[in-house]
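The values are calculated or read from the model by the stated rules, or taken from the named source; none is laboratory data. Here the structure is a predicted model, which means the values were calculated and not measured. Note: ideal-geometry Cβ built from the backbone for every residue, glycine included; neighbour counts use all protein chains shown.
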């Protein structure tokens, strides 16, 4: 399977991001973070997240694998999938990233509704934000976020292993950037991409957690009316959960049920 071969590329990307953001936060942190207080839970949840990614990919391979097209074969037919598979590589990757990010925006919004909040509350439990805290996710949260990253590039766009790894890598980069303890602005790009300050506001204890759902492209929040400018908020914001914290940090929180 193509997406199985892409795992090698994705692993290299992930390890590189861990090293890069670990160094950047050590050299130029935006805030002093009390990592020791939450490190055990962050490490446990990160292990759960990696397990969830593997289980979700296995489930996709088992259920959808027989239907997966061969990306090395010439595209045939006049259907939408054939047209997407025939796109030039750079365009295919770019469109796939946008589609995945669009899906994740709505998955994230759904997680903040009553039926699905249990899948997501563990992710909102950290009181200090840095790159590893972004991996604090439940099994069900990971499954809901991983499935579009497998289905869209590999089954909808018929990407090659490298193309698919670039799509997944872009989302992983966004995951690290948005949760990083760094001051990033990037000028005009900051109006297009989600910056740490924007997503940090989403993790606030106040009602801001119903804002700024986007993972990579902030355009979704602007388009669907969920954007909140962090620059208009005065003073420091407290992160974490006011309610549900005990439940979020228990076994059910790790599973997301």
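Quick notes on this structure:
- Within this structure, residue 46 fails the test of being within 22 Å of residue 165 (Cα to Cα) and surrounded by 18 or more Cβ atoms within 10 Å (Cβ to Cβ).
- Flag for residue 174 being in contact with a strand residue (DSSP E or B) (Cβ under 9 Å, 6 or more places away or on another chain) and buried (at least 19 other Cβ atoms within 10 Å of the Cβ): yes
- Residue tally, condition part of a loop (DSSP other than H, G, I, E, B) and either modelled with pLDDT of 90 or more or out of contact with any helix residue (DSSP H, G or I) (no Cβ under 7 Å at 6 or more places or on another chain) (or both), over the stretch 229-257: 13
- Applying a threshold of 9 Å to beta carbon distances and a minimum spacing of six or more residues, or different chains, the list of pairs starting in the stretch 148-162 at a residue that is on the phi > 0 side of the Ramachandran plot and buried (at least 24 other Cβ atoms within 10 Å of the Cβ) and ending at one that is assigned to a helix (DSSP H, G or I) and modelled with pLDDT of 95 or more reads 158/92.
- Taking the stretch 178-220 as the range and being in a helix (DSSP H, G or I), over 21 Å from residue 121 (Cβ atoms), without any contact (Cβ under 8 Å) to a residue 60 or more places away in the chain and in contact with a helix residue (DSSP H, G or I) (Cβ under 8 Å, 6 or more places away or on another chain) as the test, only 197 passes.
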